[in-house]
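The values are calculated or read from the model by the stated rules, or taken from the named source; none is laboratory data. Everything numeric here is computed off the predicted structure, so don't read it as measured data. Here the Cβ positions follow ideal geometry from the backbone for every residue, glycine too, while neighbour counts run over all protein chains shown. These accessible areas exclude ligands, DNA and RNA; they are computed on the full protein's heavy atoms, side chains included. Shrake-Rupley method; radii C 1.70, N 1.55, O 1.52, S 1.80 Å.
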Amino acid sequence: MKCFFEPIKGVGWERRDELGNTAPYRSSPHKGCDWGFKGGSEGKEILAIHAGVVTAVTNNPALGWTAIVRIECADNCKYVGEHIEYNHMLEKPKVKIGEKVTGGNYVIGLIGATGSSLSASGANHLHASMAKNPVPGSQGLEAKRDLFKLIDESKAGRKAVKDALAAGK
């Protein structure tokens, strides 16, 4: 599997909060994965985690400006048909329903802090979740996929291919 990518790039990017985190400051386990930038995240680009087709662009009261992408892949990916939801965007995403996106470099929107279900800090960040259901954010923890794990596995798969190609030259 080589088809999942980090949704942010650049100096100071970081993973912030993992799926299922039960830290004392939480009233319930975290239902997604968060990313941001040290020194400020507002307005930074959010990139597609996986190739697919945009199925929704909404302003969700809890999760703010949101885009949902249904996974499509020509690389025998076992997650075809599942959905990735991107939340808390600064403004209405520029992507349109039916638009095809490519993983790793296609801009979905900009990091913001919209919606009522932010951390206590209210910090600008990307919150993303993945599930079979067309609205991943509405699903319980048990229905969600760990995006950090999927991205790490894909990164390792791409490295293995690169190393194999380099060894064969």
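Structure notes:
- The calculated P(r) of the range 77-169, using every Cα pair and 10 Å bins from 0, goes 13, 36, 33, 13, 4, 0 in percent.
- Cubic angstrom per residue, convex hull over Cα atoms of the range 116-169: 131 Å³
- Under the combined filter of DSSP loop state and at most 14 neighbouring Cβ atoms within 10 Å, the range 33-75 retains these trypsin sites (Lys or Arg not before Pro): 38.
- With θ taken as phi - 60° and the Karplus curve 6.51 cos²θ - 1.76 cosθ + 1.60 applied, the whole-hertz 3J(HN,Hα) list for the range 69-76 is 10, 7, 5, 10, 7, 9, 9, 6 Hz, x standing for glycine and proline.
- Accessible surface of the range 26-84, 1.4 Å probe, proportion on carbon and sulfur as whole %: 47 percent
- For the chain, cysteines whose Cβ has no other cysteine Cβ within reach (under 4.7 Å): 3, 33
- Coordinate range along principal axes, alpha carbons of the chain, Å, largest first: 52, 33, 31
- Restricting the range 4-56 to chymotrypsin sites (Phe, Trp or Tyr not before Pro) in coil, as DSSP defines it, with at most 12 other Cβ within 10 Å: 25
- Debye, to nearest 20: dipole size of the range 36-164, +1 on Lys, Arg Cβ, -1 on Asp, Glu Cβ: 160 debye
- Within the range 61-169, GluC sites (Glu not before Pro) in DSSP loop having at most 13 other beta-carbon neighbours inside 10 Å: 91
- For the range 1-62, the fraction of C-alpha pairs more than 20 angstrom apart is 45%.
- Accessible solvent surface per residue of the range 22-169, calculated while the other protein chains remain in place, 1.4 angstrom probe, Å²: 50 Å²
- In the chain, the longest principal axis of the Cα atoms and the axis of helix 147-167 are about 20 degrees apart.
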